[in-house]
Amino acid sequence: IQVSSFSVEGLIIIDIFHTQLMSMVPVMFIDTLHHFPETLDNVEANRRLMLLDLTVFKPVGVEDNQEFVLKHGDLWTTDVEKFHQITKIEPLRRGLDEMKADAWITGRRRSQSKERENMPIFEHDCKKRLKVNPLAGWTKQQVWDYAKDRHLLYNPLYDQGYASIGDKPLTTPAEEGEEERSGR
C-alpha cells in the first residue's frame, strides 16, 4: 500500500508504479479534515487522472472540520501531539490494519529535515510491517526535475512558497534557506 499525502514525492511514486512498473498499487490518503482546499482538489484530480485505487481514512467519529472542532476543539493550538494522534496516527494505523497491509510505501526523503537524514530505505513499523522509503536518497532538485519532466499534476501551493504541505492551521510557506519541513 502506498500511503500518500499527495505531496510531489507521493505523486512521483504513483507515477513510477503506474507508468514504469505498470502496477496499480492501492493508495491510502489520510483526510485529517484540516487540509487546504488545494490539497483536496489535487487528490481528486489525480485520482481521476490516474484512475487510482484510492482509499480515504478520516479521524473516528467526525465527518468534517466543523464536527471535529465541536468534538475536540482547536487542538492544533492547544495540544498538537493529541491533534496528530487523532488526525494522522490513528487513521494511519487503522487504515493499514483494515487494508491488511504487509508493507507500505512513503514519500519521505533524507534531505527534508535533520530528523530524517539517517532514514533507511527499508525499515519496519511498530507492527513489523515493512515500511519502504524509495525516495530516501533523492534530493529536492531530483524530485522537482522528475515532476516537471513527467508533467505531474502537483499541488499549486508549492508555487506559492510552500516547501512542504500539511494541515492548514499548522503549515506556512518556508523561508529561503530553511529546511523543507520548516513550515510544518
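For region 138-161, a residue qualifies if it is open to solvent by 40 Å² or more (accessible area, probe 1.4 Å) and not in a helix (DSSP H, G or I), and the qualifying residues are W138, T139, R150, H151, L153, Y154. Return yes when I30 is without any contact (Cβ under 8 Å) to a residue 60 or more places away in the chain and not acidic (D, E) and no when it is not. No, not satisfied. Considering (1) open to solvent by 30 Å² or more (accessible area, probe 1.4 Å); (2) under 19 Å from V3 (Cβ atoms); (3) in contact (Cβ under 8 Å) with a residue 60 or more places away in the chain, the lone condition that K128 does not fulfil carries the number (3). Within region 53-70, not a single residue is touching a residue at least 60 places away in the same chain (Cβ under 8 Å) and either within 25 Å of Y146 (Cβ to Cβ) or open to solvent by 70 Å² or more (accessible area, probe 1.4 Å) (or both).
Of everything listed in (1) of a type in the set (D, E); (2) surrounded by 17 or more Cβ atoms within 10 Å (Cβ to Cβ); (3) without any contact (Cβ under 8 Å) to a residue 24 or more places away in the chain, the single unmet condition for E9 is (3). For region 162-180, the set of residues classified as open to solvent by 60 Å² or more (accessible area, probe 1.4 Å) and farther than 26 Å from R48 by Cα consists of T172, E175, E176, G177, E178, E179, listed by residue number.
The values are calculated or read from the model by the stated rules, or taken from the named source; none is laboratory data. Not measured: the values here are computed from a predicted model. Glycine gets a Cβ as well: all are built from the backbone with ideal geometry, and neighbour counts include every protein chain shown. Areas reflect the complete protein model, heavy atoms only, side chains present, ligands, DNA and RNA absent. Shrake-Rupley method; radii C 1.70, N 1.55, O 1.52, S 1.80 Å.
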